[in-house]
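Working notes, beginning with the structure itself.
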Amino acid sequence: MRLIGMLLLAATLLGVAGPVQAEEFPSRRVTLVVAFSAGGPVDVVARVFADRLAQRWGVPVTVENRTGGGGNIAAALVARAAPDGYTILLTATGVAINQSLMASPGFAIAELEPIAFASVSSITLAVNADNPADTLAAFVAAHRTQSFTFGTAGIGSGAHLTAEYLFKALARIEAIHTPFQGAPQASNALLGNHIDLISVASSDATPLIQQGRLRGLAVSGETRSIVMPEVPTLREQGFDLVTHGWVTAMVPAKTPAAVAATLNAAFNDVTQDADVRTRLVNSELNPRRQSLAEARQFLQSELATWSRMVETIGLKLK
């Protein structure tokens, strides 16, 4: 009788535990915490993915913009969220840059795990269409003995570090940085000939180059842009530098492996959707399919690259 009782108790416990263990992820609302304001590249990517993921999962997927601190506020919030996959950070290159650029960014990169890089693109250097320089080499040669000004979307951005490192460490010419509140403001200053060059995300520069208002001198990626193939890379022009602008989805580091794998598969599948790919590529936000291991490796490579550049140019923010 005691044995029978124990078996009945075990069966009862298994019956209670079964539904909990069988619960699939996700079974309720998922929140994408976007580190930047509405309308920017990260927000655009987040909203595309929110729509497709909601269709895939059959649960609400909402976008919550948490701006400030160059992306640090959103990163810190997600790093401290429950590691269950229901709170996902959508952020950009700054999450890697800030680890070496800032003394106290408010979070450690080890507290976050990348599950996918939704887009990996480049940075574009451009001049006013009236500028006589038609190549980066010509622009550099024209400023060997004369300083110039370049604008970016802010101090410490990937575009700022790319240009600063290029001109200071590689070209060895005197360049004066003029930070703006965003890429549109920097572009307007260039269009008005108030500065000599801009270094901004390709997604911001390409429309103006296609309109003939600006001239692209170089892109920072490994290859030329799909939608702007006439603009050569930095390496093609003799400058040994490759940098990326990217959007990544991250979760708290202790998120269960099975949940992280589910998220990785979902984000990868969305990037393979023909409509999504076309929309992102046309916006210079090139989707990249990666495994979890490849995403982690790519992040480590980016951390090393930006750390080296920050150290070389001697930039440090509080």
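The values are calculated or read from the model by the stated rules, or taken from the named source; none is laboratory data. Note that the structure is predicted; figures quoted are calculated from it, not measured. Cβ: placed from backbone, ideal geometry, glycine included. Neighbour counts: every protein chain shown. These accessible areas exclude ligands, DNA and RNA; they are computed on the full protein's heavy atoms, side chains included. Shrake-Rupley method; radii C 1.70, N 1.55, O 1.52, S 1.80 Å.
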Output for region 272-284, where each listed residue is open to solvent by 20 Å² or more (accessible area, probe 1.4 Å) and not hydrophobic (A, V, I, L, M, F, W, C): Gln272, Asp273, Asp275, Arg277, Thr278, Arg279, Asn282, Ser283
Among (1) modelled with pLDDT of 95 or more; (2) on the phi < 0 side of the Ramachandran plot - the single one Pro19 does not satisfy: (1)
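Please pick out the residue among Leu303, Leu299 that is over 19 Å from Thr124 (Cβ atoms), open to solvent by less than 20 Å² (accessible area, probe 1.4 Å) and in a helix (DSSP H, G or I). Break it down into steps so the answer makes sense when it comes.
On the way: Leu303 fails: open to solvent by less than 20 Å² (accessible area, probe 1.4 Å).
The unique qualifying residue is Leu299.
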From Ala129, Ala103, Ala133, grab the single residue that is open to solvent by less than 20 Å² (accessible area, probe 1.4 Å) and either more than 24 Å from Trp246 (Cβ to Cβ) or not basic (Lys, Arg) (or both). Ala133
Please count how many residues of region 127-150 are closer than 23 Å to Gln211 by Cβ and out of contact with any Asp or Glu (no Cβ under 9 Å at 6 or more places or on another chain). 8
Screening Gly216, Gly221 for residues that are surrounded by 14 or more Cβ atoms within 10 Å (Cβ to Cβ), touching a strand residue (DSSP E or B) at 6+ places or on another chain (Cβ under 6 Å) and touching a residue at least 24 places away in the same chain (Cβ under 8 Å) leaves only Gly216
(1) open to solvent by 60 Å² or more (accessible area, probe 1.4 Å); (2) within 23 Å of Pro41 (Cβ to Cβ); (3) under 20 Å from the mean Cα position of the chain (by Cα): which one isn't true of Pro287, the others all being true? (1)
Filtered residues of region 58-68 (kept if open to solvent by less than 40 Å² (accessible area, probe 1.4 Å) and either aromatic (Phe, Trp, Tyr) or at pLDDT below 95 (or both)): Gly68
Can you tell me which residue within region 136-172, out of those that are among the polar types (S, T, N, Q) and within 18 Å of His194 (Cβ to Cβ), is least open to solvent (accessible area, probe 1.4 Å)? Thr152
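Of all residues in region 173-196, how many are β-branched (Val, Ile, Thr) and open to solvent by less than 20 Å² (accessible area, probe 1.4 Å)?
Total meeting the criteria: 2.
Condition check ((1) out of contact with any Leu (no Cβ under 9 Å at 6 or more places or on another chain); (2) among the β-branched types (Val, Ile, Thr); (3) touching a residue at least 12 places away in the same chain (Cβ under 8 Å)) across all residues:
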position	(1), (2), (3)
Gly212	yes, no, yes
Ser225	yes, no, yes
Gln237	no, no, yes
Thr243	no, yes, yes
Val251	no, yes, yes
Ala260	no, no, yes
Gln272	yes, no, yes
Thr278	yes, yes, no
Asn282	yes, no, yes
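With the structure loaded, tell me whether Ala79 is modelled with pLDDT of 95 or more, open to solvent by less than 20 Å² (accessible area, probe 1.4 Å), aliphatic (A, V, I, L, M) and over 29 Å from Val281 (Cα atoms) or whether it fails that test.
On the way: modelled with pLDDT of 95 or more: yes; open to solvent by less than 20 Å² (accessible area, probe 1.4 Å): yes; aliphatic (A, V, I, L, M): yes; over 29 Å from Val281 (Cα atoms): yes.
Answer is yes for this residue.
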Conditions first: (1) open to solvent by less than 20 Å² (accessible area, probe 1.4 Å); (2) more than 17 Å from the chain's Cα centre (by Cα). Ser199 passes all but one, so which condition is the exception? (2)
Kindly list the number of the only condition in (1) open to solvent by 20 Å² or more (accessible area, probe 1.4 Å); (2) part of a strand (DSSP E or B) that fails for Leu89. (1)
